[in-house]
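Quick notes on the structure that follows.
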């Protein structure tokens, strides 16, 4: 498929953290359509990972079940001296691999299901887990703008930072009559919060004026240091979510860009079809020569992240997950870019594989 020529975006690079949204839009409005989570019972937190800490402290599960393909930072939310942490198998198509683990679930266990890149394929498993008396947690950090929540979930965890330019923030949502944790939330460590805001501003200024990429190392350090302890979201973060972001535009541009990539790269896509309800995090692809191809992207100022390295996090017996982790990368397709940017990505990849 040929892509029609359109004016490329003015972004110097493709990928990386978002710049502070106030610098991007330059306006505050009372007419912004609210994101869906604000209509439900929720807590606004400084980080998404701290939502898992809060749930573990509130629900006191004897066993926490995690998918064998996940971001390692969440592990710190579940101290193994207080609870048993076990994994259930995820295959190379990001599907749950078998039912054996499900027979071992006990009442009051906590099971975390992940919407990988915005796609959800675990509803039937959640229904059975809930039938057995377990707490079902939907990790929607990669599906923040999807149009619905899973009907079997007790709780949902979101990460706005993965989708728009807020300096920090996580959201814990309670569904189906579940009670929110009752805990007084204090402000996060001042230095960490200041660095998060500074990195966000520096990225926005880089996108506008170029210069050094000081934001990169600062954002990497700040992400690694993000608190697992539950702190509240800043007033700045909430202001941006409620009054700055054009959520309809964000959703539509992500979907449009994804469809362009799918039409041209469907043979290497993990999810070549885009359901109506999905607003994707990015466009995941898989290559045995992933690292070489990723370096070629870097030379073209295209920076696809890896979701996620799991060596040292997930036990080696989950071989399918480890094979996938060695070959997967995520092509950015967010609202900062347009059709011409997607063409640039396609052309770069085609040069490497043909």
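The condition of being part of a helix (DSSP H, G or I), out of contact with any strand residue (DSSP E or B) (no Cβ under 9 Å at 6 or more places or on another chain) and surrounded by fewer than 15 Cβ atoms within 10 Å (Cβ to Cβ) holds for only one of 221, 259, that being 221. Of the numbered criteria (1) surrounded by fewer than 16 Cβ atoms within 10 Å (Cβ to Cβ); (2) part of a loop (DSSP other than H, G, I, E, B), the one residue 230 fails is (1).
Here is a yes/no grid of residues against (1) in a strand (DSSP E or B); (2) assigned by TED's automatic domain parsing to the domain that holds residue 282; (3) under 22 Å from residue 44 (Cα atoms); (4) modelled with pLDDT of 95 or more:
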| position | (1), (2), (3), (4) |
| --- | --- |
| 106 | no, no, no, yes |
| 128 | no, no, no, yes |
| 147 | no, no, yes, no |
| 150 | no, no, yes, no |
| 156 | yes, no, yes, yes |
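For the stretch 185-200, the condition holds for no residue, the condition being that it is out of contact with any strand residue (DSSP E or B) (no Cβ under 8 Å at 6 or more places or on another chain), surrounded by fewer than 17 Cβ atoms within 10 Å (Cβ to Cβ) and modelled with pLDDT under 95.
Matching residues to (1) within 21 Å of residue 141 (Cα to Cα); (2) in a helix (DSSP H, G or I); (3) more than 16 Å from the chain's Cα centre (by Cα); (4) modelled with pLDDT of 95 or more:
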| residue | (1), (2), (3), (4) |
| --- | --- |
| 217 | no, yes, yes, yes |
| 241 | yes, yes, yes, no |
| 255 | yes, yes, no, yes |
| 274 | yes, no, yes, yes |
| 279 | yes, no, no, yes |
| 297 | no, yes, yes, yes |
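Taking (1) outside any loop (DSSP other than H, G, I, E, B); (2) modelled with pLDDT of 75 or more; (3) in contact with a helix residue (DSSP H, G or I) (Cβ under 9 Å, 6 or more places away or on another chain) in turn, residue 58 satisfies each apart from (3).
When 28, 14 are checked against the criterion of being touching a helix residue (DSSP H, G or I) at 6+ places or on another chain (Cβ under 7 Å), modelled with pLDDT under 95, under 24 Å from residue 250 (Cα atoms) and not assigned by TED's automatic domain parsing to the domain that holds residue 140, a single residue qualifies: 28. Of all residues in the stretch 56-84, those satisfying the criterion of being in contact with a strand residue (DSSP E or B) (Cβ under 8 Å, 6 or more places away or on another chain) and surrounded by fewer than 17 Cβ atoms within 10 Å (Cβ to Cβ) are 62, 84.
The numbered conditions (1) without any contact (Cβ under 8 Å) to a residue 60 or more places away in the chain; (2) buried (at least 21 other Cβ atoms within 10 Å of the Cβ) are all true for residue 99 except (2).
The values are calculated or read from the model by the stated rules, or taken from the named source; none is laboratory data. All values reported here derive from a predicted model rather than from experimental measurement. Note: ideal-geometry Cβ built from the backbone for every residue, glycine included; neighbour counts use all protein chains shown.
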